[in-house]
Amino acid sequence: MSKSSSVRQLTPPAIRARKGTEPIICLTSYTASMTKLVDPHVDLILVGDSLAMTIYGMASTVGVTIEMMIAHGRAVAKAAYHACVVVDLPFSSYEATPADAFRTAAHVMAATGCAAVKLEGGAEMAETIRFLTQRGVPVMAHIGLTPQSVNAMGGYPVRGRGEGEAAAILADAHAVAGAGAFSVVIEKTAEPLSRDITAKLDIPTIGIGASLACDGQILVLDDVVGLFTEFRPRFVRRYAETAQSIEAAVKDYAADVRARRFPGPEHTFTDTASDAKSG
Ligand code: KIV
């Protein structure tokens, strides 16, 4: 299939227009092969900076680089035909000034072909979100738990439980929506607050550990399919145990090679053309 075929790819305005209609289905993806499996079934694919942990084995998202996001963003955007593709801006690439954020976002969009970028932060990022959206960069905001601030927060706490914190996060939600974000991720946030935010904003809320009250849901693909076994956040529902299948397949392959059972005659080329059926 080519990008010019009859499949219409979802755009940021189309995602925004889904507010108040059906749930918006979002997942992360980082590679072309996974994107081909995910794309027909979801509305939005996020090339998340969670690739720090899932792909690169880092302890947090803080060390992710623009080069990493561009390499994976390009692979995903090329492979997606239906879902809206959003790429995360990595830590330290957008916070200092709106102009820095624009340069980074424009570079990421031009180099990958993604439709939008995501950045973390609430009221303090509103000016930047306005600067970007007024210059042709659709922005998905991200509030509540913001993992790029892991060092400042001292971990990954549930957000929005006390009255003061809930009021601050509600103010963040209003700030990013007012600045022009087309949607907002709410992460690991108490249900009454995410319900309140969802009721009050006119842009879709996409929850991850933020309850059924949100307009849509997002999870990390590796968690959903069980590729990542070391740690399972409470807000994840696992739909497959892929790591176990991969390990079993690799063990069988190793045993076959060790016992000289692989390759078989069907995988072997002779010196005549009689075996030229495939490959
Ligand atoms: O990086 C990420 O994967 C995210 C989540 C919202 C899924 O930001």
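With respect to being surrounded by 17 or more Cβ atoms within 10 Å (Cβ to Cβ) and in a loop (DSSP other than H, G, I, E, B), Ile186 falls outside the description. Per this entry, Val150 is not counted among residues that are more than 16 Å from the chain's Cα centre (by Cα) and within 26 Å of His41 (Cα to Cα).
Can you confirm whether Pro192 is buried (at least 20 other Cβ atoms within 10 Å of the Cβ) and farther than 27 Å from Tyr56 by Cα? Even if it seems obvious, please write down each step before you answer.
Numbers: buried (at least 20 other Cβ atoms within 10 Å of the Cβ): no; farther than 27 Å from Tyr56 by Cα: yes.
Criteria not met by Pro192.
Contact map, segment 41-53: residues that are in contact (Cβ under 8 Å) with a residue 12 or more places away in the chain and within 15 Å of Pro233 (Cβ to Cβ) paired with residues that are within 8 Å of the ligand (Cβ to nearest atom) and not in a helix (DSSP H, G or I), Cβ distance under 7 Å, separation 6+ or inter-chain. Pairs shown: Gly48/Thr28; Gly48/Asp88; Gly48/Val220; Ser50/Thr28; Ser50/Val220.
Consider segment 241-264. How many of its residues are under 23 Å from Phe231 (Cα atoms) and surrounded by 11 or more Cβ atoms within 10 Å (Cβ to Cβ)? The number of residues fulfilling the criteria is 7. The requirement of being touching a Cys at 6+ places or on another chain (Cβ under 8 Å), farther than 24 Å from Met153 by Cβ and either crowded, with 18+ Cβ neighbours inside 10 Å or at pLDDT 95 or above (or both) is fulfilled nowhere in segment 17-36; no residue meets it.
The values are calculated or read from the model by the stated rules, or taken from the named source; none is laboratory data. All of these numbers come straight from a predicted model, not from anything done at the bench. Neighbour counts are summed over all protein chains in view; Cβ atoms, including those assigned to glycine, are modelled from backbone coordinates with ideal geometry.
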